[in-house]
Amino acid sequence: MSPMPSPHVVDRVRNIPLYRESVARGDFPILEKAQIAQGFPDNWMTPALAGALATGEAEYVLSTGTNHARMQLIRPPLFLLRSYYRLWSEHPDLRATWEADGKRISLTTVLATEHVARVNAKNPAATPGARWLDDRTLYLNRVHDPAHWDRPEVCRMLAEIREIADAHPSGTYHLDCSGPHLAHLVRKLDAWDLWDDFPLPGSIVHAYEYTPLNVRALLRDRFDCPVVDLFGSTELGYLYSSDPRTGRYRPHLRDMSVELVPVAPGSGIHSLIVTSLRNPFMPLVRYRSGDCVRTADDSTDPGLITAFCGREKELLDTPQGPVAQADLDAHVTAVSDRVLIFRVVEAPASAGDVQGRTTLEYVTFDDEPLDAARSRRLAETVQDLLGRECAPVHRTHVPIGRSGKYAWLERSR
């Protein structure tokens, strides 16, 4: 039998068709994304939800679909934004820019920018412009791959940042970003000597995707303000944020609880299982978020989470057990602090090559390859981790995924 949620949770979901059998059995198995989608929206429909949809208190949206098929959801308008604003206003290292009424400038995927533009097209009078989510949040990025930002595009973004900073009495603003996107901007500012045109933020959050350790170090080194890692999802809102001094994670689990389930015996990697009543229209009971975590002692104690280490669907099976994105990241970072982006590429097997070839493609901050000694060390440490030969290959560009985020694993077809 699976663990039973609290009586309060059971009472909240007992009339939702998806949960009726679980309530009757007294057994709530882990809820998978496929079950949410199967029979949607009838599997969620209650008279109260139908009424909320009719009045606009609830709306249909799609998840980002970064690492899985896009999932249709029902939630209150601006659900994720309100979750973000609440955390921003309460986080001890971020709330200064909130209380100063700073604007939020978001530098993340072009898909996010396009979503905002689509929403505004339906109600153009609601915000100051097509890329403003509300009167406080502007989305900057208009290009799919940030490596392809040219100088005019970077200057356009800098001008928009400067306009916002100049309009504030103290020039402050809050920069919300994907870590790799901001790292690309730093590289462009260095290459074109544009730092004097970049008003510095008062606080930074990186979210949206796993941020490599070298990118985190770059952001801490180049920005004299709090830099916070934020973890959440479209369907759940925000759950954890980091302490910029210690790197430890603070829970933000109002109306939520968390379980950890090992993905494999002895691996130390756990699936994040979340029960959440935060979204009143789609309460999620024992929902598998698809994210993996590690804890300080490899136990299943959610109070000891030390790292969000990537997506469960992107775990790589090895003779030593599953390997997560963060595991490889730690090995790469230990060899060189110059690696910006990396990915494992598995070539399909062919005649005379039963296993196929595996390479580690990497991009450095300065576009120069690692020297021979470090390249050898990188090959050795990755081979030790993966249990297979994995030749490092320097690239000046690794393409970003269709979602606008980087995948660390390109599997053989």
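The values are calculated or read from the model by the stated rules, or taken from the named source; none is laboratory data. This is a predicted model, so every value here is computed, not measured. As a convention, Cβ positions derive from the backbone with ideal geometry for all residues, glycine included, and neighbour counts pool all protein chains shown. Areas reflect the complete protein model, heavy atoms only, side chains present, ligands, DNA and RNA absent. Shrake-Rupley method; radii C 1.70, N 1.55, O 1.52, S 1.80 Å.
Observations on the model:
- Looking across segment 259-271 at every residue that is surrounded by fewer than 18 Cβ atoms within 10 Å (Cβ to Cβ) and aliphatic (A, V, I, L, M), the one that is farthest from V9 (Cα to Cα) is identified as A264.
- Any hit, segment 40-48, residues being assigned to a loop (DSSP other than H, G, I, E, B) and either in contact with a Cys (Cβ under 7 Å, 6 or more places away or on another chain) or among the acidic types (D, E) (or both): no
- Being charged (D, E, K, R), at pLDDT below 95 and closer than 27 Å to H181 by Cα is not true of R343.
- Leading residue by the ranking (nearest to P41 (Cα to Cα)) among those in segment 59-95 that are modelled with pLDDT of 95 or more and part of a loop (DSSP other than H, G, I, E, B): P76
- The residues in segment 105-128 that are part of a strand (DSSP E or B) and not hydroxyl-bearing (S, T, Y) can be counted, and the count is 2.
- Test: residue in segment 78-88 that is open to solvent by less than 40 Å² (accessible area, probe 1.4 Å) and touching a helix residue (DSSP H, G or I) at 6+ places or on another chain (Cβ under 8 Å): yes
- Residue match in segment 369-387 (condition: open to solvent by 20 Å² or more (accessible area, probe 1.4 Å), in a strand (DSSP E or B) and farther than 23 Å from S178 by Cβ): no
- Where a residue in segment 102-121 is under 17 Å from D135 (Cα atoms) and at pLDDT below 95 and its partner, wherever it lies, is outside any loop (DSSP other than H, G, I, E, B) and of a type outside the set (S, T, Y), with Cβ under 8 Å and at least six apart: V116/W132; N120/W132
- Verdict on L111 being closer than 30 Å to H148 by Cα and surrounded by fewer than 18 Cβ atoms within 10 Å (Cβ to Cβ): yes
To keep it simple, each residue is scored yes or no on (1) surrounded by 19 or more Cβ atoms within 10 Å (Cβ to Cβ); (2) among the acidic types (D, E).
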{"site": "A125", "(1), (2)": "no, no"}
{"site": "P128", "(1), (2)": "no, no"}
{"site": "M157", "(1), (2)": "yes, no"}
{"site": "E160", "(1), (2)": "no, yes"}
{"site": "S170", "(1), (2)": "no, no"}
{"site": "H174", "(1), (2)": "yes, no"}
{"site": "H184", "(1), (2)": "yes, no"}
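- Contact annotation: residue pairs with Cβ atoms under 8 Å, 6 or more positions apart or on different chains, pairing a residue in segment 293-316 that is touching a residue at least 40 places away in the same chain (Cβ under 8 Å) and under 22 Å from R343 (Cβ atoms) with a partner that is open to solvent by 40 Å² or more (accessible area, probe 1.4 Å) and of a type in the set (S, T, N, Q), are R311/N67; K313/N67; E314/N67.
- Of all the criteria given as (1) at pLDDT 95 or above; (2) open to solvent by 50 Å² or more (accessible area, probe 1.4 Å), the one not satisfied by I16 is (2).
- Boolean, L133 is of a type outside the set (S, T, Y), over 17 Å from the mean Cα position of the chain (by Cα), buried (at least 18 other Cβ atoms within 10 Å of the Cβ) and modelled with pLDDT under 95: yes
- Annotation: of all residues in segment 19-39 being within 17 Å of V274 (Cα to Cα), touching a helix residue (DSSP H, G or I) at 6+ places or on another chain (Cβ under 9 Å) and part of a helix (DSSP H, G or I), the one that is most open to solvent (accessible area, probe 1.4 Å) is Q35.
- Subset of segment 211-258 [surrounded by 21 or more Cβ atoms within 10 Å (Cβ to Cβ) and part of a loop (DSSP other than H, G, I, E, B)]: T211, P212, P226, E235, L236
- Yes/no for A191 being of a type outside the set (D, E) and crowded, with 20+ Cβ neighbours inside 10 Å: no
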